[in-house]
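Working notes, structure below.
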Amino acid sequence: MLGTIVNTVCIMIGSTVGSVAKRAIKPQYQSALYHAMGLAALVLGINAVTSHLPESNYPVLFIVSLALGTLVGTLLDIAGKFNRIVQHFSKSKLAEGLSTGILLYCIGTLSMVGPIMSALYGDNTYLFTNATLDLVTSTVLASTYGFGMILAAPVLFLSQGSIYLITSLAGDVISDELMNEISIVGGVLIASSGLAILEIKDCKTLNMLPSLVVPVFFFIAKYMICLLYTSPSPR
């Protein structure tokens, strides 16, 4: 868990530094940083998809995942509920910033693979690298959205902590194949967040979050079917 703790602390430090620096940054520079983060999110998302899609054995799975997950998220109105909760405490664009930050911090290859490597092999290299990137990202986001961005830190801790715990208990059950499919869907969500920041199209990315669990259910179903057909029939 050392890597996750370091990653969480880096986000807290970056959010604090960025919010303090915000007072010294003129509005036009804040706007420039705002659009820079939008482009960065868009590029990171596209890169995640293009990097993992060629390795996918189920190239249609991410489409099905997005369709089903977005339908469920829309029915639950995740984005609306999240925005209402945040707007109750803040009149700024903090809700948009937090949704973007959470996606960038939590739904990335380093952030998802890192806890697995840490749990299985005690290797924190991925998490330390991710912590460095998140330190810079959180500073820029907080300079745009304010100190409230620090709320993304406990979300990251819970996300990575859950992956670490599940991996420790499940061992080799979490396959590289599953992580690849989740990374593709996550890349689409990050790109969607970038489009919203750039004010090109608000896809209500939070409503798409359930898409991330569809590949998990698919692989569970696949595993159960394989067990059914490979188990010896009773005589």
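With r defined as the distance between the Cβ atoms of T125 and V20 and R0 fixed at 41 Å, what FRET efficiency is calculated, to the nearest 0.05?
0.85
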Q.
I need the phi-derived Karplus couplings for the range 199-211: 6.51 cos²θ - 1.76 cosθ + 1.60, θ = phi - 60°, integer Hz, Gly and Pro marked x.
A. 6, 7, 7, 8, 8, 6, 4, 4, 5, 8, 4, x, 4
Q | the range 130-187 shape via C-alpha gyration tensor axes, a/c threshold 1.5 | A | prolate
Q) By per-residue mean of other Cβ atoms within 10 Å, what is the highest-first order of 185-192, 17-24, 221-228, 5-12? A) 185-192, 5-12, 17-24, 221-228
Q.
Please give the Cα centre distance for the range 1-19 versus the range 183-235, rounded to the nearest Å.
A. 28 Å
(Q) Counting only protein heavy atoms and a 1.4 Å probe, tell me what percentage of the chain's accessible area is made up of carbon and sulfur. (A) 71 percent
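Under the rule of -39500 (n - 2.57) per DSSP H run of 4 or more residues, summed and divided by the residues of the chain, what mean residue ellipticity at 222 nm is obtained, to the nearest 500 deg cm²/dmol?
Computed mean residue ellipticity for the chain: -26000 deg cm²/dmol.
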Q: Assuming a ≥ b ≥ c are the square roots of the Cα gyration tensor eigenvalues, decide whether the range 98-138 counts as rounded (a/c under 1.5), prolate (otherwise, with a/b larger than b/c) or oblate.
A: oblate
Q: Kindly express, to the nearest 10 degrees and within the range 0 to 90, the angle between helix 94-106's C-alpha long axis and the longest C-alpha principal axis of the chain.
A: 40 degrees
Q | Label point distance in nm, S168-F147, each placed 7 Å from Cα along Cα→Cβ | A | 3.3 nm
Q: Could you work out how far helix 78-89 tilts from the main Cα principal axis of the chain, as a 0 to 90 degree angle to the nearest 10?
A: 30 degrees
Q | Residue-span extension gain [S31 to K201] - 0.36 nm each, minus C-alpha spacing | A | 59.4 nm
Q) When Rg is the radius of gyration of the Cα atoms in the range 4-144 and Rh is its Kirkwood radius, what does Rg/Rh come to? A) 1.00
Q: Mind giving me the nanometre distance, one decimal, between the label points for V60 and L75, set 7 Å out from Cα along Cα→Cβ?
A: 2.2 nm
Q) Rounded to the nearest 0.05, what FRET efficiency do L39 and Y223 have when you use their Cβ-Cβ distance and R0 = 41 Å? A) 0.55
Q) Just the projected area, averaged over all directions, of the convex hull on the alpha carbon atoms of the chain: how many nm²? A) 14.2 nm²
Q) Relative to the first principal axis of the alpha-carbon coordinates of the chain, what is the inclination of helix 125-145, with its axis defined by its Cα atoms, in degrees from 0 to 90 and to the nearest 10? A) 40 degrees
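Hey, can you find the accessible area per residue of the chain for me, probe 1.4 Å, expressed in square angstrom?
Normalised by residue count, the accessible surface of the chain is 53 Å².
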Q) So, how do all the Cα-to-Cα distances of the range 1-49 break down into 5 Å bins, in percent, from 0 on up? A) 5, 17, 14, 18, 22, 16, 7, 2
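The values are calculated or read from the model by the stated rules, or taken from the named source; none is laboratory data. In this text, all values refer to a predicted model and were calculated from it rather than measured experimentally. Note: ideal-geometry Cβ built from the backbone for every residue, glycine included; neighbour counts use all protein chains shown. Please note that ligands, DNA and RNA were not included when accessible areas were found on the heavy atoms of the full protein model with its side chains. Shrake-Rupley method; radii C 1.70, N 1.55, O 1.52, S 1.80 Å.
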